[in-house]
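Notes to accompany the following structure.
The values are calculated or read from the model by the stated rules, or taken from the named source; none is laboratory data. What you see is a predicted model; the values in this text were computed from it and never measured. Positions of Cβ are backbone-derived with ideal geometry, glycine not excepted, and every protein chain shown enters the neighbour counts.
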Amino acid sequence: MHIPVLQKEVLQYLNPKPNENFIDATYGEGGHTLAILERNGPRGKILGIDWEIRVRYKNERLILVQDNFANLKEIVEKYKFQPVQGILFDLGLSSWHLEKSGRGFSFKKREPLDMRYSLENKLCAEKIVNYWSKFDIEKILREYGQERKAKRVAEKIIEERKIKPIKTTVQLREIINKARTTPRRTFQALRIAVNDELENLKKVLPQALEILEPGGRLVIISFHSLEDRIVKNFLKGNQNLLQILTKKPIGPTQTEIKINPRSRSAKLRATIKL
Ligand SMILES: C[S@@+](CC[C@H](N)C(=O)[O-])C[C@H]1O[C@@H](n2cnc3c(N)ncnc32)[C@H](O)[C@@H]1O
């Protein structure tokens, strides 16, 4: 089951009130959306966006759109969804991707190497490991995976793919094993590259700020330091337009980590548009 991360904190900073409109830019299983819907009635709406809509709750105050959140401004214009009093980003992948998607997000499973959030995306992990140059593979392993043995892993991938195409998580895990490092960082790097996660985040933050009403709240939960750095720098660089509500990022309590280990690396930053 999907448990929304930092739910209490999201509600505290997003502070939904009756009849306000919100955008949940990473709708996922709708966990945060449902909590907001309980507070912004009877006329407040939610625009839920996800690259792949998997769950549809019947509620006339909820509009669901399947798209890349990097197109936020266009989506808001298309649906004439304004004014907007709050926008939420709960970045990355959901437990459904790891546990149920069958798309090779988890190195603990035996699955095809896909890693796409949207099946309309032309790039998948299998293409990267079988067709990209050693230089490009090493670069993403270093930049997106912060893998110190990036060069060695890239070399092993090139060696192995000459013998046989790399098609599954198990094959890739064994190759990484030969480079004497853990699979976690390589899997993270491939996922970020396939879904262009950092670029999409950089593109959407200025749009979100523009869309918000004065006094509107922006809440962002990230799960690794690369994302958090982008968010932090964006907030710092726009201090004339916003007031930062979280001097330091907010993390989960020990109790939340126990109930939901996925929350362990979550960092929430929140801001109000001036
Ligand atoms: C951590 S989950 C969100 C979980 C959700 N808050 C909930 O409570 O159920 C992140 C979601 O963002 C989606 N996602 C990631 N990148 C996206 C993008 N660029 N555009 C749209 N959705 C994206 C993923 O498909 C995933 O469902």
message: Quick check on the range 94-114. Is at least one of its residues touching a Leu at 6+ places or on another chain (Cβ under 6 Å), among the polar types (S, T, N, Q), closer than 30 Å to residue 175 by Cβ and part of a loop (DSSP other than H, G, I, E, B)?
response: yes
By residue number, the members of the range 172-212 that are over 23 Å from the mean Cα position of the chain (by Cα), surrounded by fewer than 17 Cβ atoms within 10 Å (Cβ to Cβ) and closer than 20 Å to residue 132 by Cβ are 174, 178
Result of the Cβ filter at 7 Å on the range 105-118, keeping first residues that are on the phi > 0 side of the Ramachandran plot and partners that are part of a loop (DSSP other than H, G, I, E, B) and crowded, with 17+ Cβ neighbours inside 10 Å, at least 6 apart or interchain, is 115/103; 115/104; 115/105; 115/124
Quiz item: Is it the case that some residue within the range 125-137 is part of a loop (DSSP other than H, G, I, E, B) and at pLDDT 95 or above?
Solution: yes
Result of the Cβ filter at 8 Å on the range 213-237, keeping first residues that are in the same structural domain as residue 252 (by TED's automatic domain parsing) and closer than 22 Å to residue 146 by Cα and partners that are among the acidic types (Asp, Glu) and not in a helix (DSSP H, G or I), at least 6 apart or interchain, is 221/90
Per the filter on the range 24-73, residues charged (D, E, K, R) and either in contact (Cβ under 8 Å) with a residue 40 or more places away in the chain or closer than 17 Å to residue 92 by Cβ (or both) are 24, 29, 50, 52, 54, 73
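How many residues are of a type in the set (Phe, Trp, Tyr) and under 22 Å from residue 225 (Cβ atoms) if we restrict to the range 121-165?
Adding up the residues that qualify gives 1.
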Given the conditions (1) farther than 26 Å from residue 119 by Cα; (2) crowded, with 17+ Cβ neighbours inside 10 Å; (3) not assigned by TED's automatic domain parsing to the domain that holds residue 22, every one holds for residue 242 apart from (3)
Selection from the range 1-31 of residues within 7 Å of the ligand (Cβ to nearest atom) and under 19 Å from residue 81 (Cα atoms) yields 24, 25, 26, 27, 30
Residues of the range 43-61 being within 12 Å of the ligand (Cβ to nearest atom) and small (Gly, Ala, Ser), in sequence order, are 48
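Among 64, 34, which is surrounded by fewer than 21 Cβ atoms within 10 Å (Cβ to Cβ), at pLDDT 95 or above, part of a strand (DSSP E or B) and within 15 Å of the ligand (Cβ to nearest atom)?
After ruling out the rest, the residue left standing is 64.
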